[in-house]
């Protein structure tokens, strides 16, 4: 019988469909255990599990007739990583340690781990009514523990700005209903060039899939990301340093299986790991992994999980993506210049996700990019130029947002 994979996903995760398509291409039977009631296009192999009770979810999975055929379990998102660990433990599959799950899904836990194990990490504390301003070094960064994609992340240069940022983040958390308002991390601002790393770990051995350079300076006050390009324009020595230090961190944490996504900064030849998550990169950016490896990211994860041979496919020299920024808040009326933007040499595609009537919100409150631009070329310089040239062709026409005073 063919071994199968169990995918554990929250309701309506955008990653679920990509994994289903990848499994179909590879001929891998895929069961999807998902919260909620939305239908899944998975050939009747989907399960409904309870997001509020891991014990009940484990019982449902344990009663599967073909559970012996499940040879790997994969979480799609941060919120399902711990349940995937418990399933793997129940089915005696290769899994990450309980500490690895905690550290890789909680920003505060990662800070505390790095501090307690002598890895470079900024000084930090949780905001509260009695925030110790004497321990705060300016500039600092205030960030929520529960949001992603740089939402709610604000640089502060003095006490007044810090208090305003805490209030602003608190309002955002209340709006999103994303946990206690007091759960706001205040930490030193680490200057330097920022990079993102995506990798896969197999039997505790790290393999870097891509290092993304972020050519736009991320100095604040907000940290909306725009351009990712790869390969990065850095020395071979720095690439090796990133790989070696990341392997050391993974070993210390107990990350031995599956994909990881890392954010880091390089300051004076020293690497500061800002975030580490045991999942794939978010959004459409995973397409860049396919450009670089010749294999879609979700296929790589499935191949790794089942220890299948990796196909050898054509790779592109350099590639990149621009997450189109929101420069003007408002109600979208139309987007002009799309065809012109797509015609720029080196551009693979321009995808506009927003629709007429949609409200565009800027960071730090914003959470959705209006669209994405993808490019590929012989050099990273050419890719960056193509992304910027394409973006300059676009014009987002908006109307003001009228808010009731009631």
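The values are calculated or read from the model by the stated rules, or taken from the named source; none is laboratory data. From a predicted model like this one, the values you see are computed outputs, not experimental measurements. Don't worry about glycine lacking a Cβ; one is built from the backbone with ideal geometry, like all the others, and counts go over all protein chains shown.
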*Checking residue 233 against (1) surrounded by fewer than 16 Cβ atoms within 10 Å (Cβ to Cβ); (2) in a helix (DSSP H, G or I); (3) touching a strand residue (DSSP E or B) at 6+ places or on another chain (Cβ under 7 Å), which single condition isn't satisfied?*
(2)
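Can you find even one residue in the stretch 198-211 that is closer than 19 Å to residue 268 by Cα and either assigned to a helix (DSSP H, G or I) or in contact with a helix residue (DSSP H, G or I) (Cβ under 9 Å, 6 or more places away or on another chain) (or both)?
The first filter runs over the stretch 198-211 and keeps only residues closer than 19 Å to residue 268 by Cα, leaving 211.
With the extra rule that they be either assigned to a helix (DSSP H, G or I) or in contact with a helix residue (DSSP H, G or I) (Cβ under 9 Å, 6 or more places away or on another chain) (or both), the set shrinks to 211.
There is at least one residue in the stretch 198-211 that is closer than 19 Å to residue 268 by Cα and either assigned to a helix (DSSP H, G or I) or in contact with a helix residue (DSSP H, G or I) (Cβ under 9 Å, 6 or more places away or on another chain) (or both).
Does residue 104 meet the test of being closer than 26 Å to residue 261 by Cα and surrounded by fewer than 20 Cβ atoms within 10 Å (Cβ to Cβ)?
Working: closer than 26 Å to residue 261 by Cα: yes; surrounded by fewer than 20 Cβ atoms within 10 Å (Cβ to Cβ): no.
So residue 104 fails the test.
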*Those helices (runs of 4 or more DSSP H) lying entirely in the stretch 93-197 with at least 2 residues closer than 30 Å to residue 232 by Cβ*: 98-105, 107-116
*Filter pass, residue 324 being buried (at least 19 other Cβ atoms within 10 Å of the Cβ), modelled with pLDDT under 95 and within 20 Å of residue 227 (Cα to Cα)*: no
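Is it fair to say residue 298 is surrounded by 23 or more Cβ atoms within 10 Å (Cβ to Cβ) and assigned to a helix (DSSP H, G or I)?
Details: surrounded by 23 or more Cβ atoms within 10 Å (Cβ to Cβ): yes; assigned to a helix (DSSP H, G or I): yes.
Yes, satisfied.
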*From the options 351, 384, 356, 365, residue that is loosely packed, with under 13 Cβ neighbours inside 10 Å and touching a residue at least 12 places away in the same chain (Cβ under 8 Å)*: 356
*Note down all Cβ pairs under 6 Å where the first residue falls in the stretch 241-262 and is over 18 Å from residue 97 (Cβ atoms), the second is surrounded by fewer than 17 Cβ atoms within 10 Å (Cβ to Cβ), and they're at least six residues apart or on different chains.*
243/208
_Residues that are under 26 Å from residue 244 (Cα atoms), assigned by TED's automatic domain parsing to the domain that holds residue 21 and in contact (Cβ under 8 Å) with a residue 12 or more places away in the chain: does the stretch 82-89 have at least one?_
yes
*Taking residue 391 as the residue in question, decide whether it is in contact (Cβ under 8 Å) with a residue 60 or more places away in the chain, in contact with a strand residue (DSSP E or B) (Cβ under 7 Å, 6 or more places away or on another chain), in a helix (DSSP H, G or I) and closer than 26 Å to residue 217 by Cβ.*
yes
*In this structure, is residue 224 assigned to a loop (DSSP other than H, G, I, E, B), in contact (Cβ under 8 Å) with a residue 24 or more places away in the chain, within 19 Å of the chain's Cα centre (by Cα) and more than 25 Å from residue 27 (Cβ to Cβ)?*
yes
*Quick check: anything in the stretch 235-248 modelled with pLDDT of 90 or more and within 28 Å of residue 6 (Cα to Cα)?*
yes
*Go through (1) exposed (fewer than 14 other Cβ atoms within 10 Å of the Cβ); (2) in contact with a strand residue (DSSP E or B) (Cβ under 8 Å, 6 or more places away or on another chain); (3) under 24 Å from residue 195 (Cβ atoms) and name the single condition residue 315 misses.*
(2)
*Hey, residue 200 hits all of (1) over 30 Å from residue 307 (Cα atoms); (2) touching a residue at least 12 places away in the same chain (Cβ under 8 Å) but one; which does it fall short on?*
(1)
*Somewhere in the stretch 357-371, is a residue farther than 19 Å from residue 150 by Cβ and not in a strand (DSSP E or B)?*
yes
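So, restricting to strands (runs of 3 or more DSSP E) that lie completely within the stretch 1-82, which ones have at least 1 residues that are under 21 Å from residue 258 (Cα atoms) and at pLDDT 85 or above? Steps first, answer last, please.
On the way: elements: 4-9, 30-34, 46-48, 70-75.
It comes to 4-9, 30-34, 70-75.
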